[in-house]
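Structure first, then comments.
Rule-based calculations on the coordinates, nothing more; no lab input. None of the values given here were measured: they were computed from a predicted structure.
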Amino acid sequence: MTLKHLPPTFCWTKTGTESGEELPTIVLQKEWERRLGGGRFLWGVGQSLGTSAQIAAHRTGSLLALFSPASTRPRKGGRKREDMLLWNAWIDSTGQVRQLPPHAFIVSRTVLPSGRRREHHYALVCSSPTELSMGTRLYVHPEHLRSVSTGKPLGAAQSAAVVDCTSRAGDLSGKRYPVALAVELEAPYFVRLAQPSVLKARDFVKVTKATRDGDFAAFIELVGRLRTRPSQERVRGFTRDLFDVAPVDAIAAFNAAQALAQGQTSFAL
């Protein structure tokens with residue numbers, strides 16, 4: 001999606017804070033998930049949006065999500081890689097647990113910045129009819145944003161929020177973040193995730209390597225295998241309506257990988 005100016009209201013997310021992955025790697029993974037999901041994909045975030053997304057969408061008629069790389073990057077070298085959580089389900093408005101599509105790869109750290117064990121994680125419900133591409137000439141200035149739900153400035157540790165921009169483009173100043181990606185959000189706009197399983201550091205490295213190598217078939221095989229492992233939570237009943245996507249078999253994955261290799265932009269799964 002190409003934007004010429006910031007919308008007056010949008011969902012702003014600082015990326016890379018949960019998984020530690022570089023933004024290009026995340027975007028390629030989400031592009032593959034978008035193709036397999038018929039244009040829909042999920043983007044993990046560490047904070048709930050409350051009712052702000054519904055309020056903003058009702059007020060404006062639609063809601064965009066803008067993604068910016070976090071200003072601080074995880075330290076490299078000299079630090080042992082840690083196991084992570086791989087999320088397998090989501091919870092609807094009635095409390096029913098529903099399984100995520102088999103190709104969805106949403107991970108988070110096992111502990112919060114405070115040191116407490118992570119118990120909750122969330123995902124934006126994103127949609128794009130076209131291939132995801134990075135790069136805009138726009139910037140987000142946090143000092144000029146106000147939370148839709150509270151009307152207050154954003155906290156320094158806030159990584160996802162629905163906001164109003166309080167100043168015109170020419171009046172913006174202060175610290176700024178580049179807008180690397182923009183997509184539409186679809187109702188219910190975000191979901192609470194459930195049933196995490198432990199993702200070993202070595203397996204996370206394998207998935208990241210497959211992505212950086214552009215190996216779509218390896219990505220699908222790895223994610224499919226990892227998603228079949230038992231979760232840490234007791235499994236309740238589930239249905240598949242919001243993310244009703246057929247499982248990807250080996251032949252379909254191979255055909256998709258061939259299409260990618262030939263530079264095609266659509267899949268017939």
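What is the set of long-range amide H partners of residue 140 at a cut-off below 5 Å, with H atoms built 1.01 Å from backbone N?
177, 179
Using the Karplus curve 6.51 cos²θ - 1.76 cosθ + 1.60 with θ = phi - 60°, what ³J(HN,Hα) values do you get for each residue of region 44-56, in whole Hz, with x for Gly and Pro?
Going residue by residue, I get x, 9, x, 10, 6, 8, x, 9, 5, 5, 5, 4, 5 Hz, with x marking Gly and Pro.
Hey, what's the per residue convex hull volume over the C-alpha atoms of region 126-221, in cubic angstrom?
Details: hull volume 18.1 nm³, N = 96.
Enclosed volume per residue, from the Cα hull, is 189 Å³.
Please compare each pair in 152/175; 175/209; 14/152; 30/206; 4/175 to a cut-off of 24 Å on the Cα-Cα distance and tell me which ones are over it. Provide the component values of the computation, followed by the final result.
On the way: 152/175 18 Å; 175/209 33 Å; 14/152 18 Å; 30/206 17 Å; 4/175 20 Å.
Pairs exceeding 24 Å: 175/209.
Could you pull out every residue, at least 5 positions away or on a different chain, whose amide H is within less than 5 Å of the one on residue 199? Hs are placed 1.01 Å off N in the peptide plane, and Pro or chain starts have none.
So residue 199 has HN proximity to 84, 85, 86.
Could you list which residues have their amide H under 5 Å from that of residue 45, counting only those 5 or more apart in sequence or on another chain, with H placed in the peptide plane?
When sequence neighbours closer than 5 places are left aside, the close amide H contacts are 122, 123, 124.
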